[in-house]
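Heads up: the structure comes next, in structure tokens.
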Amino acid sequence: MGYGFSRRDVAYLGSAAGRGALAEVDRLALTPQTYVRDLERVRRDHAHPAALVETVQLRRRAVTKLSEARHWLLTDDALQQATPSLVARHRAARLAGRAVHDVTCSVGAELAALAPVCPAVLGSDVDDVRLAMAAHNLAEHANVLPIEADALVPVSAGTVVIADPARRADGRRTRDPAKLRPPLPDLLAAYPGRDLAVKCAPGLDFDRLGWSGEIEVVSLDGVVREACLWTCGLAEHGVTRRATILSSTRRPVTLTDADPQDIPRRAPGAWILDPDGAVVRAGLVRHYAARHGLWQLDPRIAYLTGDELPAGTRGFRIVERFDYREKSVRAELRRRDCGPLEILVRGVDVDPDRLRRSVKPVGSQPFTLVLTRIGSTPTAFLCTAVDSRVL
Ligand SMILES: C[S@@+](CC[C@H](N)C(=O)[O-])C[C@H]1O[C@@H](n2cnc3c(N)ncnc32)[C@H](O)[C@@H]1O
């Protein structure tokens with residue numbers, strides 16, 4: 001949950017006295033070993049000690065996610081909910097040159113990405129503490145205006161609207177669009193005919209929405225982060241699904257359902273590939289295969305195969321293929337002196353942890369075991385992993 005900041009805390013932290021105090025507290029280690037002593041010292045020397053310590057700790061945690069956060073004010077929840085800077089910048093780039101209203105702006109992670117590329121940026125939220133923090137965080141951007149407003153009661157006209165409804169209801173993550181805050185169906189109904197981009201959880205049940213625009217699934221460094229709904233006016237012509245693969249170290253890769261998807265049906269090649277989660281969630285596995293000269297192990301399974309490993313990917317060179325039985329796996333692992341074992345499972349009901357405990361790989365050679373179904377046959381591929389990503 002984290003510390004509950006008040007408006008008075010925010011006003012103090014943003015003042016000259018508060019900024020000086022934050023700089024002093026930032027010189028403390030605040031580790032489990034020093035925490036009690038450090039806190040005593042902050043209590044003795046400063047007003048708002050809990051707000052100071054929490055802010056310094058949040059800033060330290062935020063640096064990998066939010067590139068500007070070194071001087072930001074945040075709450076624990078707001079940091080968890082914030083869009084990572086790389087993802088926010090990707091969205092902002094699609095909106096460059098437009099006036100944008102972020103109707104659930106929180107502490108301003110999206111505003112910070114929009115400000116450099118959009119002429120006018122409005123940010124609103126119902127949480128007055130987060131808004132005060134956003135005003136502090138974006139103070140240097142003259143084109144950003146934070147205001148308190150309910151997203152369900154439009155206060156702007158002519159702007160693109162972006163929204164990121166909170167994904168927790170009653171303290172639990174929800175997959176039901178109607179349980180988001182604000183509820184997604186109400187949000188969409190509030191902006192008829194407006195250009196709208198709505199960030200959602202990638203696991204959200206999109207079929208319940210019947211979305212007619214584009215759904216973009218975005219991953220960052222191999223982890224699927226979000227699905228963004230784009231209304232038709234903001235979508236590329238003919239595109240209803242997009243996978244965007246972002247990386248901290250490599251150029252972004254994008255794939256859409258307008259790309260070719262014709263692939264051959266062939267026996268497994270020399271390699272197996274498990275495509276990025278954004279490709280799988282966006283339903284673009286065949287499109288990805290067509291781009292890279294790959295094909296599917298089975299038409300209903302998202303594993304791909306081919307004779308070469310596409311550049312910049314991690315894949316698995318097939319060493320042995322056999323019908324899956326626990327006994328056969330155990331024998332094969334022993335024969336090949338298998339030690340560290342990565343187990344990938346798709347399309348068969350196998351718990352990898354239980355299997356690893358049962359087959360006990362105690363040798364020295366690392367392998368990857370890919371378990372899947374080809375037709376109706378549970379099939380095992382013993383492989384060696386090769387990573388051609390340049391990190
Ligand atoms: C997931 S957070 C947004 C995070 C933000 N996109 C970022 O990257 O920092 C959702 C925000 O919606 C706000 N919110 C919830 N209901 C709202 C409503 N009816 N109107 C405006 N804001 C609302 C919450 O206060 C919260 O700050």
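Data table
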{"read-out": "Cα centroid separation - the range 98-126 against the range 329-390, whole Å", "value": "47"}
{"read-out": "Nitroxide proxy distance, nm - points 7 Å out along Cα→Cβ at Gln33 and Cys232", "value": "6.4"}
{"read-out": "MRE, 222 nm, helices only [DSSP H, n ≥ 4, -39500 (n - 2.57), over the chain, to nearest 500]", "value": "-8000 deg cm²/dmol"}
{"read-out": "Prolate/oblate/rounded label for the chain (Cα gyration tensor, a/c 1.5)", "value": "oblate"}
{"read-out": "Gyration tensor verdict on the range 72-171 (Cα atoms; rounded if a/c is under 1.5, prolate if a/b is larger than b/c, oblate otherwise)", "value": "rounded"}
{"read-out": "Nonlocal amide H pairs with Leu73, under 5 Å, H built at 1.01 Å", "value": "Asn137"}
{"read-out": "Phi-based couplings in Hz for the range 138-143 (Karplus 6.51, -1.76, 1.60; Gly and Pro marked x)", "value": "9, 4, 7, 9, 5, 8"}
{"read-out": "Charge dipole of the chain about the Cα centre (unit charges at C-beta), most positive-ward option of Ala267, Gly97, Asn137", "value": "Ala267"}
{"read-out": "Nearest-0.05 FRET efficiency for Arg172 and Tyr3, computed from C-beta distance (R0 25 Å)", "value": "0.65"}
{"read-out": "Packing rank of 124-134, 18-28, 202-212, where each peptide gets the mean count of other beta carbons within 10 Å, highest leading", "value": "124-134, 18-28, 202-212"}
{"read-out": "Amide proton proximity set for Leu344, modelled H, under 5 Å, gap of 5+", "value": "Leu369, Val370, Leu371"}
{"read-out": "Electrostatic dipole magnitude of the chain [Cβ: Lys, Arg +1; Asp, Glu -1; Cα centre; debye, to 20]", "value": "1200"}
{"read-out": "Dipole magnitude of the range 8-62 about its Cα centre (Cβ charges: Lys, Arg +1; Asp, Glu -1), debye to nearest 20", "value": "80"}
{"read-out": "Spatially near lysine pairs across the chain, Cα under 28 Å, sequence gap of 8 or more or different chains", "value": "4"}
{"read-out": "Ranking of Cys232, Cys118, Cys105 by count of other Cβ atoms within 10 Å, fewest first", "value": "Cys232, Cys118, Cys105"}
{"read-out": "Cα shape, the range 131-257, gyration tensor, a/c 1.5 rule", "value": "rounded"}
{"read-out": "Whole-Å distance, taken between Cα centres, linking the range 1-20 and the range 196-225", "value": "35"}
{"read-out": "Whole-Hz couplings from phi, Karplus 6.51/-1.76/1.60, listed for the range 313-323; x for Gly and Pro", "value": "10, 9, x, 10, 7, 6, 9, 8, 10, 7, 4"}
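Taken together, the values in this text are just the output of simple stated rules run on the coordinates, not laboratory data. Fair warning: this is a prediction, and the values are worked out from it, not measured in the lab. Positions of Cβ are backbone-derived with ideal geometry, glycine not excepted, and every protein chain shown enters the neighbour counts.
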